[in-house]
1. Using the structure shown, select from Lys19/Lys397; Lys40/Lys271; Lys86/Lys385; Lys85/Lys263; Lys171/Lys321; Lys353/Lys397 the pairs with a Cα to Cα distance greater than 30 angstrom.
2. Among the DSSP beta bridges whose two residues both lie in the chain, what percent are antiparallel, rounded to the nearest 5?
3. Expressed in nm to one decimal, what extension gain is obtained for the pair Arg317 and Lys398 from 0.36 nm per residue of sequence separation less their Cα-Cα distance?
4. Calculate, in nm to one decimal, what Ile221 and Glu405 gain on full extension: separation in residues at 0.36 nm each, minus their alpha carbon distance.
5. Tell me the net charge near Gln138. Cut-off is 12 Å between Cβ atoms, Gln138 excluded, with +1 for each Lys or Arg and -1 for each Asp or Glu.
6. How high is the relative contact order of the stretch 117-226, in percent, with contacts defined as C-alpha pairs under 8 Å that are six or more residues apart?
7. For the stretch 13-200, give the magnitude of the charge dipole about the Cα centre (Cβ charges: +1 Lys/Arg, -1 Asp/Glu; no others), in debye to the nearest 20.
8. Where the only charges are on Cβ atoms (+1 Lys, Arg; -1 Asp, Glu), what is the dipole of the stretch 356-444 about its Cα centre, to the nearest 20 debye?
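Every read-out reported here was derived from the displayed coordinates using simple, explicitly stated rules and does not represent laboratory data. Computed from a predicted model, the values in this text were never measured in an experiment. When we count neighbours, we look across all protein chains shown, and the Cβ atoms used for this are built from the backbone with ideal geometry, even at glycine.
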Amino acid sequence: MLFSDVRSEAASMELQILKGRAEFTFSESDTWTPAYSEQKFLEGDSIRTSNNTRASLEFLGGNMIFLNENSEIYISELEEKSSGKKVLSLELRQGEIWAHASGDAFANDDKSKFIVETERVRVHVRGTIFDLSTRGPQDTLRLVKGSVDVDVFNDPDKENFTNVSVGVGQKLVASNASRDELVGGKDVLEIIDTDFIHSEWHLQNLERFAPQEATQIRRRIEVAAPSANASNEAIPTSTELESPKILSPQEGARIAAVQDSVKIEGTAPLKAVQIVVNGYTLTRFQPGDRKWAYFGATKFGTLLPGENTYSVIAISRDGKKSPPAEIKVFYEGEGADLPAESDEIVSTIDEFKTPVITRPTIIDEGEPYQTSSDIVTITGLVDPKTNAVEINGFRLKKFQPGQTEFSYIANARYGNMSEGENTYEITAFGPDGKMATKTITVVYSPINLDSE
């Protein structure tokens, strides 16, 4: 059996595969098996990611770890007691993790603990954001927020170690050379490298917990390299490339004065390799992505009091530029010329948009998705006015009104996917009885490795 009857889910880590594929072994098994989103893992389990993969694990009340590609972790301890005690101890056996842990959950006391261990270090985590990687002959810890104490092992038995307190914005590289320097009483801490702060790996993870901070970093990157944005102006517009779609906010939306940013998000045409908003190329968008997002912020002058217009274009690999998609929002910040109550800005778009599939990736619209995997995760985007989503009549329980993303697992073992052609009808339900439907076809061709 794959699942033991005595396995409990009282304290578990929930997996989300954000990109690529992952595998796992349970404590009572030494066989690696394909993992799927929303799968739960317990003490004694291991998870590893493949090439070009990004995954997350949520644990103990909203804390989260992201796994980079070619990474493997082992859950050595995981418990949550009625007294409030929370314990998580991990082994990072290879690769890289990025973690967000609450200070309320893991305070500097004996009640709870969060530890990550490699061959060279043991990290004692408090409320913090940090990144830890183990590659070749060294481990690297970067502390973005909060505080950690690190035991740098002096021998392979891990019995003797030197403790180092790492501060915000500092980096610790653990290697044979740095260990000798520590033993000699030298300071081995460095400033976090800019390449890491500007990396997509860090920014994508940071946006989950500090979107405004991530936006500021992205804007600094864009301002420092304006030439690529300016070159887009010379590209002629072509109707052969479809315009991007804007899903939220609604046209004419009002942004309260207490806010200092607005998130504009939507979907890209299949052939897009760049998305440009008001002349700025989105650094997070990668060729093949279906979803894009842009933050207008007061700090950078991209969200001003009064009416703001955002123009979004797509650029294809062969140099074509799409007609723009535009949206206007009204920011009620200081200095805005507020309209009279009777002239209040409201949405002028009554359209209820059709769902968009973001995963699996289908190159040609209408073509089926071919797979030999017995698990297929279907994700997508729906109109912000959506109240519920159904797939083949099954209502998604985790989807809440106002969300724009949905996820569904087709699993041959569950009976909702069978060999051959499978059709999945995604139906979004909006206000006033509105409905919008999108269909995707999955052709499942399992590989039979059994010999006759």
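1. On the way: Lys19/Lys397 22 Å; Lys40/Lys271 36 Å; Lys86/Lys385 38 Å; Lys85/Lys263 37 Å; Lys171/Lys321 42 Å; Lys353/Lys397 21 Å.
Exceeds cut-off: Lys40/Lys271; Lys86/Lys385; Lys85/Lys263; Lys171/Lys321.
2. Numbers: 121 of 132 bridges.
Just about 90 percent of them are antiparallel.
3. Working: separation 81, 0.36 × 81 = 29.16 nm, distance 3.68 nm.
So the extension gain works out to 25.5 nm.
4. Details: separation 184, 0.36 × 184 = 66.24 nm, distance 2.75 nm.
Stretched fully, the Ile221-Glu405 segment lengthens by 63.5 nm.
5. Numbers: positive: Arg120, Arg135, Lys171, Arg179; negative: Glu119, Asp139.
Computed value for this residue: +2.
6. On the way: 168 pairs, mean separation 20.4, N = 110.
It comes to 19 percent, rounded to a whole number.
7. On the way: 21 positive and 34 negative charges, 81 e Å.
The dipole of the stretch 13-200 has a size of about 380 debye.
8. Values: 8 positive and 11 negative charges, 95 e Å.
It comes to approximately 460 debye.
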